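Heads up, the thing below is written out as structure tokens.
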Amino acid sequence: MLRGATELCIYKQRFMEPSQNIAIPEHNSSFLSVLQCKCPHCGKGKMFTHTNPYNLKYTLDMPKYCNVCGVDFEPEPGFYFGTGYVSYGLSIALTFASIIVAFLFFGLSLKDNSLYYWIASNAALLILIQPVMMRLSRSIWLWFFKHKLMVPANKEPLA
Ligand SMILES: [Zn+2]
């Protein structure tokens, strides 16, 4: 009985022939392709089925495999649970950037209500940008583990 992703990895290492999954040593993606939510292996295939992240019903819909090179976009069950850490980091970075902008350009001060305006604007900004952040987090997370990406054996690598 396999219980988690780690056990599954160990199972794969021990019991599967190396030819059952094809490891891919070379990657052609750039940091720009991460920002564009393209495949972290080939840099060309789209990670999401729908282009517009604000089409909320389909924000996180992803194809199982890259339609250009064929890598599996979900290397382990529950792979994308870790994107919460990336999303948190991005939100903190954005909050820091916005407090610096507010301080430099709008005269953020403790003597008036400007701090409350900043808190409200920052919260609104974080909510509005959430669909983009969710996609970007998945893209960064997948890029972070790009050396683990495989083309399943029943699928020929296309590129
Ligand atoms: Zn690809």
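The values are calculated or read from the model by the stated rules, or taken from the named source; none is laboratory data. Bear in mind the structure is a predicted one, so any value in this text is a computation, not a measurement. Cβ placement follows ideal geometry from the backbone for every residue including glycine, while neighbour counts extend to all protein chains displayed.
Laid out as a table, the results:
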quantity	calculated
Test set (1) at pLDDT below 90; (2) in a loop (DSSP other than H, G, I, E, B); (3) of a type in the set (Phe, Trp, Tyr) - TYR54 fails condition number	(1)
VAL86 being modelled with pLDDT of 95 or more, closer than 26 Å to LEU56 by Cβ and touching a Pro at 6+ places or on another chain (Cβ under 8 Å)	no
Of all residues in the range 34-65 being surrounded by 15 or more Cβ atoms within 10 Å (Cβ to Cβ) and basic (Lys, Arg), the one that is nearest to the ligand (Cβ to nearest atom)	LYS44
Contacts under 9 angstrom Cβ, first residue in the range 33-45 being within 13 Å of ARG135 (Cα to Cα), partner part of a loop (DSSP other than H, G, I, E, B) and of a type in the set (Lys, Arg), 6 or more apart	SER33/LYS44; LYS38/LYS44
Pair list, Cβ < 6 Å and 6+ apart or interchain, from the range 57-76 residues that are without any contact (Cβ under 8 Å) to a residue 24 or more places away in the chain and of a type in the set (Phe, Trp, Tyr) to residues that are more than 10 Å from the ligand (Cβ to nearest atom) and not in a helix (DSSP H, G or I)	TYR58/HIS50
